[in-house]
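The structure is given below, and queries will be raised subsequently.
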Amino acid sequence: MAISLHNSTNIPRVGFASPFLGSNSASKVSISVSLNSFSNLSFKSVETSRQQLYRISAMSKAESSSSNQVKVDISLSPRVNSVKPSKTVAITDHATALAQAGVPVIRLAAGEPDFDTPAIIAEAGINAIREGYTRYSPNAGTLELRTAICHKLKEENGISYTPDQIVVSNGAKQSILQAVLAVCSPGDEVIIPAPYWVSYPEMARLADATPVILPTLISDNFLLDPELLESNITEKSRLLILCSPSNPTGSVYPKKLLEKIAEIVAKNPRLLVLSDEIYEHIIYAPATHTSFASLPGMWERTLTVNGFSKAFAMTGWRLGYIAGPKNFIAACNKIQSQSTSGASSIAQKAGVAALGLGYAGGEVVSSMVKAFRERRDFLVKSFGELEGVKISEPQGAFYLFIDFSSYYGLEVEGFGKIENSESLCRYLLDEGQVALVPGDAFGDDSCIRISYAASLTTLQASFERIKKALISLRPAVPV
């Protein structure tokens, strides 16, 4: 659904057809909405409305198929109903719809590099097609790619695996979900530091586990306090999820802090660790990356997830992997065999080429990281000059997670009250035409996530828009 941008009566309208009702045009429901028709609705309420339309339309389709047919039960499982839709995906889709309707929205919500896949990687994929590598691959991934992953993990991360301890999947997201499903039982607890990537808690719920959220502080660079961790471990604690460098904060866990966490983990035989290292190469010196499995005693209880999307700008190729002890990896492999089967044979050939670029991706990746750092430095300096804004300078990834909570509670004429991160993001989209992600999606409502995976020129323009929108709210406010 679309969101109000201005009070102008000359606002474009966007039409949507429900994607859930099949290809039969007679079964589709077309919805045409003006961009100001949801100015007083939250993203959540818009999603609720969409779901209600789906239910009504689905029932209508069932009823119209035969006058003598009974109504079809279209209820969903409690497991699915417990899962929240991804707000980052929803907002990205909103912004895309607005842009397609001709609204000049700057989209800083998506978590993907703006660079093209490096040519040498793309050529490997093209050659795979030309040379006939277009059939099913082994469920766990080709031996060629799994061997290359083992070499990378040994040389770059200091952790040793054999190919049968690797499963290649359709993106790291699938790798994480399969790991959670493999090791968690109903009633288990999954410990997740906040701010967190939006999917972690929902993946725990899909496994009938309970997410246990541990808050962190911007003054501590959003890093987990070991004492807080220790005080929240119970006999039900099964999995601790760590992400370094972090999405959404860009924080990087120092090795000494990870060692303290490892000491606590070692005291609890049931507790495993899922280490999400997808951003490991997007890191800014002097920060350095440490793989949790490389710490003493942690190899046996760590599931390491990584992939190709971020560092190699391969988001659309859908290629990730998990490494760990064989019994856990075999379980992940079994789940994959009954769901998607093996990842794309073409993408795997491209993955081999990516790992062949050299240590940490070589010059190709380092040039992208250099650009990300320049963008980070610009935004940190620019937002740091605004009153009422708190920043923890990111040490990796390509996100800023900024505290704008000093602007909460304000009444805006023609808009309403800014109550939280969601309404502030809606205001910035309305007034500044910049799409950002509210912090409540990541478990911290005081902040907003800004992706700087965009050109410096685009970021400069977006900052000016945000600055103007904030200044129009009220005079500068001291922190």
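Throughout, read-outs are computed from the coordinates displayed, never taken from laboratory work. This one's a predicted model, so the numbers in the text were calculated from it and none came from an experiment. With ideal geometry, Cβ positions are generated from the backbone for all residues, glycine too; neighbour counts draw on all protein chains shown.
What percent does the relative contact order of the range 116-206 come to when contacts are Cα pairs within less than 8 Å and at least six residues apart?
Relative contact order comes out at 18 percent.
Pop a pseudo-label 7 angstrom from the Cα along the beta-carbon direction at both LYS326 and GLU300 and give the gap in nm to one decimal.
It works out to 1.6 nm between the two label points.
While we're here: Would you grab the residues whose amide H sits under 5 Å from the one on LEU274? Only those 5+ places off in sequence or on another chain, please, with H modelled 1.01 Å from N.
Hits under the 5 Å cutoff: LEU240, ILE241, LEU242, LEU303.
Convert each backbone phi in the range 304-318 into a coupling constant with the Karplus relation 6.51 cos²θ - 1.76 cosθ + 1.60 (shift: θ = phi - 60°), then list the ³J(HN,Hα) values in order as whole Hz, x for Gly and Pro.
The phi angles translate into 9, 10, 8, x, 10, 4, 7, 5, 9, 6, 10, 4, x, 6, 6 Hz.
Can you tell which of PRO211, ILE159, PHE292 lies farthest toward the positive end of the dipole of the range 120-358, using +1 and -1 charges on the Cβ of basic and acidic side chains (Lys, Arg; Asp, Glu)?
ILE159
May I ask you to compute the full-extension gain from THR147 to GLU131, defined as 0.36 nm times their residue separation minus their alpha-carbon distance, rounded to one decimal in nm?
3.6 nm
Using modelled amide H (1.01 Å from N, peptide plane; none on Pro or chain starts), what sits under 5 Å from the amide H of LEU410, excluding residues fewer than 5 places away?
Counting only residues 5 or more places away or on other chains, the set is ILE418.
If Rh is defined by the Kirkwood formula over all Cα pairs and Rg also comes from Cα, what ratio Rg/Rh do you get for the range 120-358?
Dividing the radius of gyration by the Kirkwood radius yields 0.96.
At most 11 other Cβ atoms within 10 Å and a DSSP loop assignment: could you name the trypsin sites (Lys or Arg not before Pro) in the range 214-320 that fit?
Sites meeting the loop and neighbour criteria: LYS267.
Suppose R0 equals 35 Å. What FRET efficiency, 1/(1 + (r/R0)^6) with r the Cβ-Cβ distance, do TYR408 and ALA285 give to the nearest 0.05?
0.45
Which residues' amide hydrogens lie under 5 Å from the amide hydrogen of THR210, considering only partners 5 or more residues apart or on another chain, with H built in the peptide plane?
Hits under the 5 Å cutoff: GLY187, ASP188, GLU189, VAL190.
Given a Förster radius of 60 Å and the C-beta distance between ASP73 and LYS381 as r, what FRET efficiency does 1/(1 + (r/R0)^6) yield to the nearest 0.05?
The formula returns an efficiency of 0.55 here.
Please sort by residue number the GluC sites (Glu not before Pro) in the range 366-426 whose DSSP state is loop and whose Cβ has at most 12 other Cβ atoms within 10 Å.
Taking the range 366-426 and a limit of 12 other Cβ atoms within 10 Å, the loop GluC sites (Glu not before Pro) found are GLU385, GLU387, GLU413.
Okay, moving on. Take the residue pairs LYS152/LYS310; LYS84/LYS267; LYS310/LYS370 and return only those whose Cα atoms are more than 22 Å apart.
Pairs exceeding 22 Å: LYS84/LYS267.
Would you kindly derive the ³J(HN,Hα) couplings of the range 185-201 from the backbone phi angles with the Karplus curve 6.51 cos²θ - 1.76 cosθ + 1.60 (θ = phi - 60°), listing them in order in whole Hz, with x for Gly and Pro?
Result, ordered by residue: 10, x, x, 5, 10, 10, 8, 10, x, 10, x, 10, 5, 4, 7, 4, x Hz.
I would also like to ask the following. May I ask you to list the GluC sites (Glu not before Pro) in the range 66-173 that are in a DSSP loop and have at most 14 other Cβ atoms within 10 Å of their Cβ?
Here the sparse-neighbourhood loop sites are GLU131.
Compute the length gained on full extension between ILE264 and GLU230: take 0.36 nm times their separation in residues and subtract their Cα-Cα distance, giving the result in nm to one decimal.
Difference between extended and current length: 11.6 nm.
Strictly over 22 Å apart at the Cα level, which of LYS255/LYS326; LYS173/LYS326; LYS260/LYS326 would you flag in this model?
Working: LYS255/LYS326 26 Å; LYS173/LYS326 20 Å; LYS260/LYS326 26 Å.
Violating the 22 Å Cα-Cα cut-off are LYS255/LYS326; LYS260/LYS326.
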